[in-house]
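Student: Just dropping this structure here.
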Amino acid sequence: MKELFKQCTSVAGGGFAGACCLGVPAALSVLTAIGAGFLINDAFLIPLYFGLLALSVWLLYGTARSHGNLTPFWAGLGAALVAFAGLWVFSALVYAGLAALIASNVWDFFNGRRGKHRPGWGEQSARRR
């Protein structure tokens, strides 16, 4: 559960930075209210956004590798690329990419919960053979 919390926290940070880059008034108001109005400049936000997305993908890679299934990592990497490119292409892609990144983190979490000793989807257990 601790791994999922770290992964989703980094995605949430990336989502907040992405919302600031897109000019969402609520996110910009929060930054201004806490006295961090200087961060509203995209020169600060875009590297922060990229760094938080990279952190999330890196954490996802570590846990996916330990579970022995890198498919959620590849899905998360693609989602992070879509979320980053969405800043310049179409703002809905940012939110779609972040949602897909969260979904790949949850997918990896359930892969870890299933563990290597329990059969996966469509697999038969050793006791049934």
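No value in this document is a laboratory result; all are computed from the given coordinates. Since the structure is predicted, the reported quantities are computational estimates derived from the model, not experimental observations. Cβ placement follows ideal geometry from the backbone for every residue including glycine, while neighbour counts extend to all protein chains displayed.
Student: Between S66 and L93, with labels modelled 7 Å along Cα→Cβ, what's the label distance in nm to one decimal, could you check?
Tutor: Each label point lies 7 Å from its Cα, and together they span 3.3 nm.
Student: In nm, to one decimal, how far is the modelled label at L28 from the one at F5, with both set 7 Å along Cα→Cβ?
Tutor: 3.4 nm
Student: Further, regarding this structure: I'd like to know how the chain sits against the 2.2 N^0.38 Å rule of thumb: what's its Cα Rg over that expected value?
Tutor: 1.25
Student: Do any trypsin sites (Lys or Arg not before Pro) in the stretch 48-121 lie in a loop, going by DSSP, with at most 12 other beta-carbon atoms within 10 Å of their beta carbon, and if so which?
Tutor: Listed in order of number, the matching sites are K116.
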